[in-house]
1. Tell me, which helices (runs of 4 or more DSSP H) wholly within segment 162-234 include 2 or more residues that are touching a helix residue (DSSP H, G or I) at 6+ places or on another chain (Cβ under 7 Å)?
2. Within segment 61-109, which residues are assigned to a loop (DSSP other than H, G, I, E, B), over 16 Å from ARG13 (Cα atoms) and of a type in the set (Asp, Glu)?
3. Restricted to segment 223-236, and to residues that are out of contact with any Pro (no Cβ under 9 Å at 6 or more places or on another chain) and modelled with pLDDT of 95 or more, which residue is nearest to LEU162 (Cα to Cα)?
4. Is at least one residue of segment 7-15 open to solvent by 10 Å² or more (accessible area, probe 1.4 Å) and either touching a His at 6+ places or on another chain (Cβ under 8 Å) or of a type in the set (Gly, Ala, Ser) (or both)?
5. Return the residues of segment 110-161 that are under 18 Å from GLY180 (Cβ atoms), in a loop (DSSP other than H, G, I, E, B) and touching a helix residue (DSSP H, G or I) at 6+ places or on another chain (Cβ under 9 Å); say none if nothing qualifies.
6. Of all residues in segment 213-232, how many are within 25 Å of PRO2 (Cβ to Cβ) and either of a type in the set (D, E, K, R) or open to solvent by 60 Å² or more (accessible area, probe 1.4 Å) (or both)?
7. Report yes if HIS53 is closer than 15 Å to GLU108 by Cβ, open to solvent by 10 Å² or more (accessible area, probe 1.4 Å) and touching a Lys or Arg at 6+ places or on another chain (Cβ under 8 Å), otherwise no.
8. Since ARG207 meets every condition but one in (1) surrounded by 13 or more Cβ atoms within 10 Å (Cβ to Cβ); (2) free of Cβ contacts under 8 Å to residues at least 40 places away in the same chain; (3) in contact with a Ser or Thr (Cβ under 8 Å, 6 or more places away or on another chain), which condition does it not meet?
Amino acid sequence: MPEGHTIHRLATRHRELFAGHPVRLASPQGRFASGAALLDGRVLRDTEAYGKHLLHHYEGDRTLHVHLGLYGKFTEGEPPLPEPVGQVRMRMIGPAHWLDLRGPTACEVLEPPAVEALRARLGADPLRDDADPARSHTRIRSSTKPLFALLLDQSIVAGCGLIYANEVLFRAGLSPLTPGTAIDREGWTALWDDLRALMKEGVARGRIDTVHTQHTPEAMRRAPRVDRHGGEVYVYRRFGQPCLVCGTDVARGPLAGRNLYWCPVCQK
């Protein structure tokens, strides 16, 4: 599932391509036909990302809400418009570009109260300037759940996914099993600031890189990481490989229905 930095990149891209213009919307697949009809011909005023949720705000207080989930994907291009290929849930056509959406978990039109309800159920998004990390810390400090699970809870930290959760805990030297009650205000501030910086770099680069300069392939004279997710990381999907800091084999185990990765020495 795409993490928050990807959704913020999409919001910026769609704003650049379509905002300020009337757009045509259709649903070649048919599953979004009624929603597309509500928005067809309206001006796209702005786009917004909140955690893993993408919002397109149209004139008339109508909002398109998209959650990509595990299988959702956008494709785009310039005219001429191609014939739809596969199950295209939504097609958007602007002055000089087209956009196709396939396989999302959610693709729906929301009224203002529903948009506010969506925002209210999400936690602080590290990539948003209006985020309130203190609200997230209140939830974390009152829970005995493992910190790894709390970081993945979108009602606590919106946009943080599996890779960022594993990596930010390694960088903090914290075991993923650390209970939320053990994280004081100072510790949470440091964790939040690092997560925010990593995610902002993800927006800028379009990939997740979490290693410090001294642990890059160039500095360590090692081969670059080969993985479909790309990016240089410390522990994520490096099970059985040596830790880049201490050399201990990276461990793996299930938690909160997901795979967590950690260094048994660096994250005792």
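1. 162-172, 185-205
2. Hits for segment 61-109 are ASP61, GLU83.
3. That would be TYR236.
4. No, there is no match, as no residue in segment 7-15 is open to solvent by 10 Å² or more (accessible area, probe 1.4 Å) and either touching a His at 6+ places or on another chain (Cβ under 8 Å) or of a type in the set (Gly, Ala, Ser) (or both).
5. GLY123, PRO126, SER142, SER143, THR144, LYS145, ASP153, SER155, ILE156, ALA158, CYS160
6. Matching residues across segment 213-232 total 7.
7. Working: closer than 15 Å to GLU108 by Cβ: yes; open to solvent by 10 Å² or more (accessible area, probe 1.4 Å): yes; touching a Lys or Arg at 6+ places or on another chain (Cβ under 8 Å): no.
Against the criterion (closer than 15 Å to GLU108 by Cβ, open to solvent by 10 Å² or more (accessible area, probe 1.4 Å) and touching a Lys or Arg at 6+ places or on another chain (Cβ under 8 Å)), HIS53 does not qualify.
8. (3)
The values are calculated or read from the model by the stated rules, or taken from the named source; none is laboratory data. Because the structure is predicted, anything quoted here is derived from the model rather than measured. Glycine gets a Cβ as well: all are built from the backbone with ideal geometry, and neighbour counts include every protein chain shown. The accessibility values were calculated without ligands, DNA or RNA, using every heavy atom of the protein model including side chains. Shrake-Rupley method; radii C 1.70, N 1.55, O 1.52, S 1.80 Å.
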